[in-house]
Amino acid sequence: MSYFLGITASFIVVILMYFGLLTDIFDGIIARKQNSSTESLRRLDSQVDMIFWVSIGVSAWLLYPTVIEQQKYYVLMVIVMEAMCYIISLIKFKKETCTHAFLSKIWGLTLLAAFTSIIGFGTAGFLFYIAIFMAMISHLDVILIILLLPKWQHDIPSSYHAYLIRVGKTFKKNKFLNS
């Protein structure tokens, strides 16, 4: 849409971005209520989330290439960190990462705000830098989760929880946070 409509697509893209995020949240809640939240669905959910955010990033670049160009090193840093999470998980477990960690959810909200600023208003601004900061923290948390887990698991809330698993302690997962 951004490619064909150009800047006039901004409002529609922002609306679709919010709609996409809300449906992602609610489909997880519904799946758990229906007891259909399986490992394969959680893995697929992670991949769909990746496609969702990459698509929004491409839309931002198509609509405001100068803004993205000005922030290219930060964008590259996030891409490298994301790739590192996948590479480390693939090397260690032969499976992609699927932590759905709490800090990743916070990053997603800051990413939503940053893309709203870029796509809706044509500026990266303060919200962009908050999202970059949260990206670094959340990716480091995911890397620690992967390194601490003795075997691959999905829906690990934090590196602290991965440590608990490593030392054999149990904990109760929060159903709200695992959407």
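Table for the structure above
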{"read-out": "Qualifying helices (runs of 4 or more DSSP H) (wholly inside segment 14-111; at least 1 residues being small (Gly, Ala, Ser), free of Cβ contacts under 8 Å to residues at least 40 places away in the same chain and open to solvent by less than 80 Å² (accessible area, probe 1.4 Å))", "value": "39-63, 72-93"}
{"read-out": "Unique residue being of a type outside the set (D, E, K, R) and touching a Cys at 6+ places or on another chain (Cβ under 8 Å) when the list is SER46, SER55", "value": "SER46"}
{"read-out": "When residues of segment 145-165 are limited to those that are aliphatic (A, V, I, L, M) and assigned to a loop (DSSP other than H, G, I, E, B), the one surrounded by the most Cβ atoms within 10 Å (Cβ to Cβ)", "value": "ILE156"}
{"read-out": "Test result for HIS139, under 18 Å from ARG43 (Cα atoms), modelled with pLDDT of 95 or more and either open to solvent by 60 Å² or more (accessible area, probe 1.4 Å) or not in a loop (DSSP other than H, G, I, E, B) (or both)", "value": "yes"}
{"read-out": "Candidate set: segment 112-130, residues that are β-branched (Val, Ile, Thr) and assigned to a helix (DSSP H, G or I); chosen: the one surrounded by the most Cβ atoms within 10 Å (Cβ to Cβ)", "value": "ILE118"}
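The values are calculated or read from the model by the stated rules, or taken from the named source; none is laboratory data. Every value quoted in this text rests on a predicted model; they were computed, and no experiment measured them. For neighbour counting, all protein chains shown are included, and Cβ atoms are generated from backbone atoms with ideal geometry for every residue, glycine included. Heavy atoms of the whole protein, side chains included, go into the accessibility calculation; ligands, DNA and RNA do not. Shrake-Rupley method; radii C 1.70, N 1.55, O 1.52, S 1.80 Å.
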